[in-house]
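Engineer: Here it is: the structure, laid out below.
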Amino acid sequence: MKGKKICIMAISLCMVLPYLCGCQSGQDKKTTRMHIGVACYNQSDTFISEMVGCFKEELYAGSGDETEVTVTCMDAAGSQRTQNDQVKELISAGCSVLCVNLVDRTDPSEIIDLARDNDVPLIFFNREPVAEDMKQWDKIYYIGADAKQSGIMQGEVAAEAIKADKNLDRNKDGKIQYVVLEGEPGHQDAIIRTENAVNTLQKNGIELEKLGGGIANWNRAQSQNRMIQMIGQYQNQIELVLANNDDMALGAIDAYKKLNYTESAYPVFFGIDGTSVGLEAIKDGSLSGTVYNDKEGQALAMVKLAKALVMKTRLEGLTFEKENCIYLPYSEVTIENVDEYLP
């Protein structure tokens, strides 16, 4: 009789155990849902497009049974008004974190107010708001790079190339005649990159003569058109082209190709960002150098920060400057080391 009771108890336990285990397993596998909204100033910008691609890859690669990730990307196509409306839409859709690449870095107040009123943490990237705006709320962050460093490195790469090849001074006047292709008018990064590239060249003993310059809004097609105008104005006088990004440097090369110049008549071209097309242009010798903007590092930092903010965990493994900013270093790229950066 006693043995019979033990047998019945054992059978009952076997029947109940799966349910107990199931409940415990369900508790262990509690899923954290992350809905991240990404608002870009203009996704036709090659660097921004590549960086957002890296961000998505890192985010989905790090998701699993414990995290369910949704990403919604919106393109403001250069309109701050449009971007403000898109941020409203992303918040209404239930985004838990906002990653914003501002159209106008001097005008983030409406976006900050929307995020703060709805308690949605805000990560600005690539285009840094002014210092006063970064202090408006304790859930504002910035991830990007130091524009001054990129300008200095572009100047260093250009100076090395000029010193290594005396034939770049084609008219043998002891000066390098140059033109500049800049991003947006009044944009902080454009101004800083240009000033520091030129100053660094001069500090390296390169005597310069500026022929002209133009605004091309970070855009390859606009750069081509602007460069065609400058070639018509200065003919074969141009010996050096400094562009604030790779797309504009490539647009300048496109201009010489369109006008059927022989490569021996080309000036030297230098960009910034290290986009995939820019790196390929260095590999084939048409672009003499660029400065690599670490999109992979910035994307990974954004993923780590976004996850920490959603899960309310410590911000470990992230190094902040000015309390709420993360800056990734640039690096110089020439034909000698371009293979290290190509996929």
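Engineer: Output the residue which, of all residues in the stretch 241-260 that are touching a residue at least 12 places away in the same chain (Cβ under 8 Å) and farther than 26 Å from residue 293 by Cβ, is least open to solvent (accessible area, probe 1.4 Å). Before the answer, list the steps.
Structural biologist: Of the stretch 241-260, the ones touching a residue at least 12 places away in the same chain (Cβ under 8 Å) are 241-256, 258-259.
Okay, now just the ones that are also farther than 26 Å from residue 293 by Cβ, so 258-259.
Working: 258: 129, 259: 71 Å².
Taking the candidates together, the pick is 259.
Engineer: Sticking with this one: Could you tell me how many of the residues in the stretch 312-343 are among the hydroxyl-bearing types (Ser, Thr, Tyr) and either under 17 Å from the mean Cα position of the chain (by Cα) or part of a helix (DSSP H, G or I) (or both)?
Structural biologist: Of the stretch 312-343, the ones among the hydroxyl-bearing types (Ser, Thr, Tyr) are 313, 319, 327, 330-331, 334, 341.
Still in the list and also either under 17 Å from the mean Cα position of the chain (by Cα) or part of a helix (DSSP H, G or I) (or both): 327, 330-331, 341.
So the count comes out to 4.
Engineer: With respect to residue 290, determine if the residue is without any contact (Cβ under 8 Å) to a residue 24 or more places away in the chain and polar (S, T, N, Q).
Structural biologist: Numbers: without any contact (Cβ under 8 Å) to a residue 24 or more places away in the chain: no; polar (S, T, N, Q): yes.
So residue 290 does not fit the description; no.
Engineer: Also: Which of the residues that make up the stretch 261-276 are of a type outside the set (A, V, I, L, M, F, W, C) and in a loop (DSSP other than H, G, I, E, B)? Break it down into steps so the answer makes sense when it comes.
Structural biologist: Of the stretch 261-276, the ones of a type outside the set (A, V, I, L, M, F, W, C) are 261-264, 266-267, 271, 273-276.
Selection gives 261, 262, 266, 267, 271, 274, 275.
Engineer: If you don't mind, another one. Can you tell which of 288, 264 is open to solvent by 10 Å² or more (accessible area, probe 1.4 Å), touching a strand residue (DSSP E or B) at 6+ places or on another chain (Cβ under 8 Å), of a type outside the set (Lys, Arg) and more than 30 Å from residue 98 (Cβ to Cβ)? Show your work before the answer.
Structural biologist: Numbers: 264 fails: touching a strand residue (DSSP E or B) at 6+ places or on another chain (Cβ under 8 Å).
Every option except 288 fails the conditions.
Engineer: From the list 238, 206, 282, 231, pick out the single residue that is farther than 30 Å from residue 140 by Cβ, free of Cβ contacts under 8 Å to residues at least 40 places away in the same chain and not charged (D, E, K, R).
Structural biologist: Numbers: 238 fails: free of Cβ contacts under 8 Å to residues at least 40 places away in the same chain; 206 fails: free of Cβ contacts under 8 Å to residues at least 40 places away in the same chain; 282 fails: free of Cβ contacts under 8 Å to residues at least 40 places away in the same chain.
Result: 231 is the single residue among 238, 206, 282, 231 that is farther than 30 Å from residue 140 by Cβ, free of Cβ contacts under 8 Å to residues at least 40 places away in the same chain and not charged (D, E, K, R).
Engineer: Still on this structure: With the requirement that a residue be buried (at least 21 other Cβ atoms within 10 Å of the Cβ) and in contact with a Pro (Cβ under 8 Å, 6 or more places away or on another chain), what does the stretch 122-139 give you?
Structural biologist: 124, 129, listed by residue number.
Engineer: Could you tell me whether the stretch 211-222 includes any residue that is assigned to a helix (DSSP H, G or I), modelled with pLDDT of 95 or more, surrounded by 24 or more Cβ atoms within 10 Å (Cβ to Cβ) and aliphatic (A, V, I, L, M)?
Structural biologist: no
Engineer: Got a number for residues in the stretch 162-187 being under 30 Å from residue 128 (Cα atoms) and either open to solvent by less than 30 Å² (accessible area, probe 1.4 Å) or not in a loop (DSSP other than H, G, I, E, B) (or both)?
Structural biologist: Residues of the stretch 162-187 under 30 Å from residue 128 (Cα atoms): 178-187.
Filter once more, keeping what is either open to solvent by less than 30 Å² (accessible area, probe 1.4 Å) or not in a loop (DSSP other than H, G, I, E, B) (or both): 178-183, 187.
Residues flagged as under 30 Å from residue 128 (Cα atoms) and either open to solvent by less than 30 Å² (accessible area, probe 1.4 Å) or not in a loop (DSSP other than H, G, I, E, B) (or both) within the stretch 162-187 amount to 7.
Engineer: Could you identify the single residue in 309, 300 that is assigned to a helix (DSSP H, G or I), among the aliphatic types (A, V, I, L, M), crowded, with 17+ Cβ neighbours inside 10 Å and out of contact with any strand residue (DSSP E or B) (no Cβ under 7 Å at 6 or more places or on another chain)? Quick ask: steps written out before the conclusion?
Structural biologist: Details: 309 fails: out of contact with any strand residue (DSSP E or B) (no Cβ under 7 Å at 6 or more places or on another chain).
Matching residue, one of 309, 300: 300.
The values are calculated or read from the model by the stated rules, or taken from the named source; none is laboratory data. Bear in mind the structure is a predicted one, so any value in this text is a computation, not a measurement. All Cβ positions, even for glycine, are placed from backbone atoms using ideal geometry, and neighbour counts span all protein chains on display. Just the protein is used for accessible areas: all its heavy atoms, side chains included, with ligands, DNA and RNA removed. Shrake-Rupley method; radii C 1.70, N 1.55, O 1.52, S 1.80 Å.
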